[in-house]
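Contents: one structure, followed by commentary.
The values are calculated or read from the model by the stated rules, or taken from the named source; none is laboratory data. Predicted, not measured: the structure shown is a model, and the values here were computed from it. Ideal geometry is used to build each Cβ from the backbone, glycine not excepted, and the neighbour counts take in all protein chains shown. Each accessible area value is taken on the protein alone, full model and side chains, heavy atoms only, with ligands, DNA and RNA left out. Shrake-Rupley method; radii C 1.70, N 1.55, O 1.52, S 1.80 Å.
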Amino acid sequence: MSQIPPEFIVKIDYDTCRRCRRCVMNCSFGCMQFKDRVVPDHKKCVACHRCVTFCPESAISITKNELTYKDSANWLPETRQNILKQAETGGILLTGMGNPRPYQILWDHMLIDACQVTNPSIDPLREPMELRTFLGRKPNRLEFTRDGNDEIKLSTELQPQVKLDVPIVFAAMSYGAISLNAHRALAMAAKNSGTLMNTGEGGIHKDLNSYTDNIVVQVASGRFGVTSEYLNSSAMVEIKIGQGAKPGIGGHLPGEKVGEDISKTRMIPVGTDALSPAPHHDIYSIEDLSQLIYAIKEATDYTKPVSVKISAVHNVAAIASGIVRAGADAVTIDGFRGGTGAAPMVIRDNVGIPIELALAAVDQRLRDEGIRSHASILCAGSIRNSGDVAKAIALGADAVVIGTAALVAMGCRVCQKCYTGNCAWGIATQKPELVRRLDPQVGAERLSNLVTAWGYELQEILGSLGVNSIESLRGSRERLRGIDLDEQTLELLGIKPAGIGQ
């Protein structure tokens, strides 16, 4: 008999419950049962809030089981819960989503400047504001010539660029980790919003062929679904070396999630585990990485930027420098709060560094070496709102990548059970009866609304700063100030403490 107490308590107000059984039909974890009335099995509740949301009488509430363990400042309830789980199973604890530990969130300790009197602000409702961003290698200088008609022509040959209408990109989430309907919603929203979605390492489903101008295809260590056609069905190609939620380890899609459609997309047999090795077995040096970058450029006839994604780790600045020198046109840095469909809890909660410090270090290193223009920087790892976007760009990012925020917009309640395949919201599941709960059209509309809203808020921030272009904010750390940060952290971020002027 299990000694693990329930993490949550489900309370039902039987005076208002109309016994419609909607909660029973919506619960995908088997918590709700109907006998002569609805009876919850508290141990099966994961707090996905599907039943709470769809109860017509608001008769259900879910609370943490506060009385489970005696108080201890050292032996926290989560610690004891995990020990009990491992004592019963002898296995590695899996989890989903990003690191929930209460590490300091540096975005919340940075404040943005604003104009007053001598440097007037700009009203974004009356003045044009520019959020367009181009990803790809930029020339150090532009050269012009005059043609026979004495008209000025650009003579510098530009490297391939990808235009974003807003500096916000949807994160890499593979088909398999999330449902096809979730992929459809992301692709439609990317097209509507003038931005990009990333296929992740699971290949691209044929239903997304009409969205290729807004898709980043990923080449990861498993090389699932990678063909010449796949590489050319994209606006950009990304080589995934690392992921913020699980630096240094690979991925695992259980065989029970590999149905016929995923089998065709990933080009693996039905029902087999899709294992992504920790390293790429043909990359053990920067020179090896450079070979793969240029192999992809050859395969795409040098028409698409090639990006490399890495986790934020201790030596991230030097690694990013090597990646840029290896020929990458963009670098994505994923911080330790970045999300995942499945990862060992011990890795997610203890490995990596905050994206804020990694971003500042990489941007500064590339500037110091005079190669900042050689690659765009994309910043990922728990971007939660437009304030985080503005601060990331001021720290040096060209654009940000959002994953968890996008899932929340589609309905995710961050219950962190993605790895079970039982997502009640139809997002992180392959079960047909659950997948159809997510309407791609509705999901795309909600995602587009989120990006539009953040775009408006970014324009408001730019206006308050007295600039009319996101380009003017990029790398402008002088417009940031730190609060409640020690001297060394301020130095690493390259910003001054609040209260210090120019």
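Tell me, yes or no, whether the range 264-282 has at least one residue that is free of Cβ contacts under 8 Å to residues at least 60 places away in the same chain, assigned to a helix (DSSP H, G or I), of a type outside the set (S, T, N, Q) and surrounded by fewer than 14 Cβ atoms within 10 Å (Cβ to Cβ). No; the residues of the range 264-282 include none that is free of Cβ contacts under 8 Å to residues at least 60 places away in the same chain, assigned to a helix (DSSP H, G or I), of a type outside the set (S, T, N, Q) and surrounded by fewer than 14 Cβ atoms within 10 Å (Cβ to Cβ).
Residue count for the range 203-236, restricted to those that are part of a loop (DSSP other than H, G, I, E, B), touching a Leu at 6+ places or on another chain (Cβ under 9 Å) and open to solvent by 40 Å² or more (accessible area, probe 1.4 Å): 0. Would you mind stating whether Leu447 is closer than 17 Å to Ala342 by Cα, open to solvent by less than 30 Å² (accessible area, probe 1.4 Å) and in a helix (DSSP H, G or I)? No.
Among the criteria (1) modelled with pLDDT of 95 or more; (2) not in a loop (DSSP other than H, G, I, E, B), the one Ile427 does not fulfil is (2).
Regarding the range 237-244, can at least one residue be identified that is polar (S, T, N, Q) and in contact with a strand residue (DSSP E or B) (Cβ under 8 Å, 6 or more places away or on another chain)? There is at least one residue in the range 237-244 that is polar (S, T, N, Q) and in contact with a strand residue (DSSP E or B) (Cβ under 8 Å, 6 or more places away or on another chain).
Quick grid of which residues meet (1) touching a Gly at 6+ places or on another chain (Cβ under 9 Å); (2) surrounded by 13 or more Cβ atoms within 10 Å (Cβ to Cβ); (3) of a type in the set (D, E, K, R):
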| residue | (1), (2), (3) |
| --- | --- |
| Asp36 | no, no, yes |
| Thr53 | yes, yes, no |
| Tyr69 | no, yes, no |
| Arg80 | no, yes, yes |
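Of the residues Ala342, Ala318, the single one that is in contact with a helix residue (DSSP H, G or I) (Cβ under 6 Å, 6 or more places away or on another chain) and touching a residue at least 12 places away in the same chain (Cβ under 8 Å) is Ala342. When the residues of the range 13-34 are filtered to those that are in contact with a strand residue (DSSP E or B) (Cβ under 7 Å, 6 or more places away or on another chain) and part of a helix (DSSP H, G or I), the one that is most open to solvent (accessible area, probe 1.4 Å) is Val24.
When Tyr302, Tyr230 are screened for being touching a residue at least 60 places away in the same chain (Cβ under 8 Å), closer than 23 Å to Val162 by Cα and of a type in the set (Phe, Trp, Tyr), only Tyr302 passes. Under the condition of being of a type in the set (S, T, N, Q) and over 28 Å from the mean Cα position of the chain (by Cα), the residues counted in the range 82-92 number 2.
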